[in-house]
Amino acid sequence: MTARSAGVHIAPFGKFDHVTDWVFDLDNTLYPAECDLFAEIDTRMTAFVSRALALPPVEARKVQKDYYKTYGTTLSGLMHVNRIEPADFLHYVHDIDLSPLPDLPDLRAAIEALPGRKFVYTNGSRRHAERVTEKMGLSHLFHDSFGIEDAAYTPKPKQDSYDRFCGLHGVDPKQAIFFEDLARNLLPAKDMGFTTVLVHSEKDWSHEPVEARPATLEDILKDDGPDHIDYVTGDLAAFLEAARDTLK
């Protein structure tokens, strides 16, 4: 089976019998970016920055995106530059309406069929991960959720965040696979030995900083793709089903 015939790209589609731990980013990975749930969080981040720094919304958004580009998350920038306490920020920005989340029975079945442990690893809060997975009917399928609080507020792609995750849960990267929608967050994972999967979408991300926006499929596949990405998929459920078939 080739990667392309499985709906994925870059590496030949091999066996996954080495995988004991399946690690999933949350936002725009476990749910499709097209449902635009993250836009709610994005808007609330702008409002928080505007209020906390006493800035007009337009200026607040510039600061928000600059912090995201420079520090990995807006929260990390607010903590380092403005000494903002994280609890209020996390509660405010994740207080969102979850009704846009789709019901994805194929994804639910695909995750349930995977052997080994399954984790959610997010730069958002643990509570946000729990609310989203509960709404999607997935919460009972995961061994645990690892939020930004568990990483001592150090976000992906900083190495310390990955080290904390692996240390807390006893994850051996060489026996694990990592799913993400941001290519830059897969670089440390690949260096540690994870098998890496980029989950892409056709959503327009042009409003995000160039350094942090998800790459287009054309960019990803240029020159055979980045060395730190093993697979690319636009259909997470189909990828997991294909991966599970290699274990039979």
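Out of curiosity, is PRO209 open to solvent by less than 70 Å² (accessible area, probe 1.4 Å), at pLDDT below 75, in a loop (DSSP other than H, G, I, E, B) and more than 21 Å from LEU30 (Cβ to Cβ)? When the stated conditions are applied, PRO209 passes them. Every test in (1) open to solvent by less than 20 Å² (accessible area, probe 1.4 Å); (2) touching a Gly at 6+ places or on another chain (Cβ under 9 Å); (3) over 30 Å from ASP172 (Cβ atoms) is passed by ASP103 save one, and that test is (1).
Residue count for the range 127-144, restricted to those that are open to solvent by 10 Å² or more (accessible area, probe 1.4 Å), of a type in the set (Gly, Ala, Ser) and not in a loop (DSSP other than H, G, I, E, B): 1. The residues of the range 212-232 that are open to solvent by less than 30 Å² (accessible area, probe 1.4 Å) and either farther than 17 Å from GLY14 by Cβ or at pLDDT below 80 (or both), listed by number, are ALA212, PRO214, ILE220, GLY225. Can you name the residue in the range 35-64 that is surrounded by 15 or more Cβ atoms within 10 Å (Cβ to Cβ) and polar (S, T, N, Q) and is also farthest from VAL132 (Cα to Cα) among such residues? By that ranking, first place goes to SER50.
The values are calculated or read from the model by the stated rules, or taken from the named source; none is laboratory data. Remember, it's a predicted structure, so these values are computed and weren't measured experimentally. Every residue, glycine as well, gets a Cβ built from its backbone with ideal geometry; the counts of neighbours run over all protein chains shown. Accessible surface is based on the protein model in full, side chains and every heavy atom, while ligands, DNA and RNA are left aside. Shrake-Rupley method; radii C 1.70, N 1.55, O 1.52, S 1.80 Å.
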